[in-house]
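The values are calculated or read from the model by the stated rules, or taken from the named source; none is laboratory data. Note that the coordinates shown come from a computational prediction; the quantities given were computed from them, not determined experimentally. With ideal geometry, Cβ positions are generated from the backbone for all residues, glycine too; neighbour counts draw on all protein chains shown. With ligands, DNA and RNA removed, areas are computed over all heavy atoms of the protein, side chains included. Shrake-Rupley method; radii C 1.70, N 1.55, O 1.52, S 1.80 Å.
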Amino acid sequence: MENKVKSLIEAAENAINSAVTNLKELDDVRVKFLGKKGEFTTLVKIMGELAAEEKPRIGKIINDARTQIKNLIDDKKAALKAQELQNKLASEKIDVTLPGRKIYRGHLHPLTLTLNRVKEIFIHMGYTVEEGPEVETDYFNFEALNLPKDHPARDMQDSFYITEEILMRTQTSPVQARTMQKNNANAPIRMIAPGRVYRRDDYDASHSPMFTQIEGLVIDEGITFADLKGTLDFFCKKIFGETAQIRLRPSFFPFTEPSTEVDVSCMMCHGKDEHCKVCHGSGWLEILGAGEVHPDVLAMSGYDPSKVSGFAFGMGIERIAMLTYGIDDLRLFFENDVRFLNQF
Ligand code: PHE
């Protein structure tokens with residue numbers, strides 16, 4: 001009997017140490033030896049056949065053996081669990097020093113950057129920013145700006161009409177009339193109005209049927225042409241650099257009188273390169289239209305031209321951006337090739 005117990009312990013030890021590689025197998029061993037129908041149950045049954053005086057001694061041997069095997073199984077269980085954790089840690093290991101996936105950050109479009117710079121300069125001078133609709137009435141886009149129906153100067157801006165009376169605005173100037181009409185009569189105005197405008201133009205390196213303008217309007221008592229000149233000179237020095245100079249040429253706009261076209265000195269060659277790609281040797285670049293607000297325009301929107309006067313100007317943001325960034329094709333702004341956009 002004693003030998004039987006001994007060999008049983010040995011067999012269990014062997015099974016645990018050699019055969020078992022995971023918890024499931026270990027449990028099979030446990031059932032085989034300690035389970036209800038296991039080896040020990042069989043032993044205990046045989047005990048019935050022993051002599052009465054032998055029973056306590058053999059019983060103790062069997063119990064001790066059972067405890068021994070139970071301890072072996074528990075130790076093995078702990079070892080297997082530890083091993084399992086190690087394996088898991090090893091297989092799920094991540095290298096925190098590896099570089100991460102690159103996150104691409106967006107940024108503002110060059111036209112927005114330019115528009116923001118222009119706005120900032122005027123906001124610093126105390127101008128408000130006004131807005132108007134892109135789908136505009138014929139009245140605000142033309143009539144209130146001294147361009148009655150059939151006025152020949154309407155041909156200067158070939159328009160997209162939606163109905164007889166509604167069109168895509170061809171300029172930001174309608175915001176002048178809208179702002180005057182929303183004000184109390186003769187109240188001073190110092191505003192800019194940025195926005196998109198639409199004309200039936202070709203789409204090429206220097207034209208687009210949609211582009212961006214910024215309008216300016218100042219009205220108060222005693223505003224003169226000298227104020228206009230000083231303001232635009234200041235603006236050009238801020239946006240193109242302190243050495244920039246302006247030159248005024250007589251021009252015509254129905255809503256200003258007198259009217260002028262404003263050139264800025266070429267920031268590429270400063271008038272010194274007769275082959276300059278930007279100014280073609282002239283030394284000057286046309287950048288905006290401007291003038292003293294026509295008395296009829298003031299009167300039509302409820303202002304009294306005998307009491308107040310003003311000036312207005314309008315410029316294309318694409319043109320300013322092309323000049324400041326040295327870009328020679330307008331279409332680049334609208335095609336949004338990221339290789340172009342990433343450069344700003
Ligand atoms: N609206 C004019 C244009 O688009 C520009 C302009 C604005 C001229 C204000 C004079 C005064 O051509």
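Between the residues Q68, A90, G48, the greatest Cα displacement towards the positive end of the dipole of the range 1-111, with unit charges on the Cβ of Lys, Arg, Asp and Glu, is found for A90. Converting the Cα gyration tensor eigenvalues of the chain into ellipsoid dimensions via √(5λ) gives semi-axes, longest first, of 97, 24, 18 Å. Ranking M180, G230, F253 by how far each Cα lies toward the positive end of the dipole of the range 172-287 (charges on Cβ) leaves M180 at the top. Here the simple spin-label model places points 7 Å from the Cα toward Cβ, and for M156 and T21 these points are separated by 9.1 nm.
Cβ distances below 4.7 Å define possible disulfide partners, and in the chain the cysteines left without one are C236. According to the calculation over all Cα-Cα pairs in the range 242-309, the P(r) per 10 Å bin from zero is 22, 33, 23, 15, 8, 0 %.
Surface exposure of the range 110-341, expressed per residue as accessible area with a 1.4 Å probe, stands at 47 Å². Mind checking the angle between helix 55-91 and the chain's longest principal axis? C-alpha axes, 0 to 90 degrees, to the nearest 10. Long axis of 55-91 versus the principal axis of the chain: about 20 degrees. Between the amide H of C276 and those of G281, distances stay under 5 Å, these residues lying 5 or more places away or on another chain, with hydrogens modeled in the peptide plane. Mean residue ellipticity at 222 nm, helices only, the chain: -12500 deg cm²/dmol; runs of at least 4 DSSP H residues each add -39,500 (n - 2.57), and the sum is divided by the number of residues. Carbon-plus-sulfur accessible fraction, the chain (probe radius 1.4 Å, protein heavy atoms only): 52%. If R0 is taken as 35 Å, the Cβ-Cβ distance between A79 and K55 corresponds to a FRET efficiency of 0.45.
To the nearest whole percent, what portion of all C-alpha pairs in the range 2-91 is separated by more than 20 angstrom?
Tail fraction, whole percent: 41.
Taking only protein heavy atoms into account and a 1.4 Å probe, give the accessible area per residue of the range 2-91 in Å².
Spelled out: the 1.4 Å probe surface of the range 2-91, per residue, equals 69 Å².
Are any of the pairs K32/K76; K36/K70; K4/K24; K60/K81; K24/K70; K119/K229 more than 20 Å apart by Cα-Cα distance, and if so, which? In this structure, K4/K24; K60/K81 lie more than 20 Å apart at Cα. Highest average first, the peptides 261-273, 303-315, 219-231 ordered by how many other beta carbon atoms sit within 10 Å of their residues are 303-315, 261-273, 219-231.
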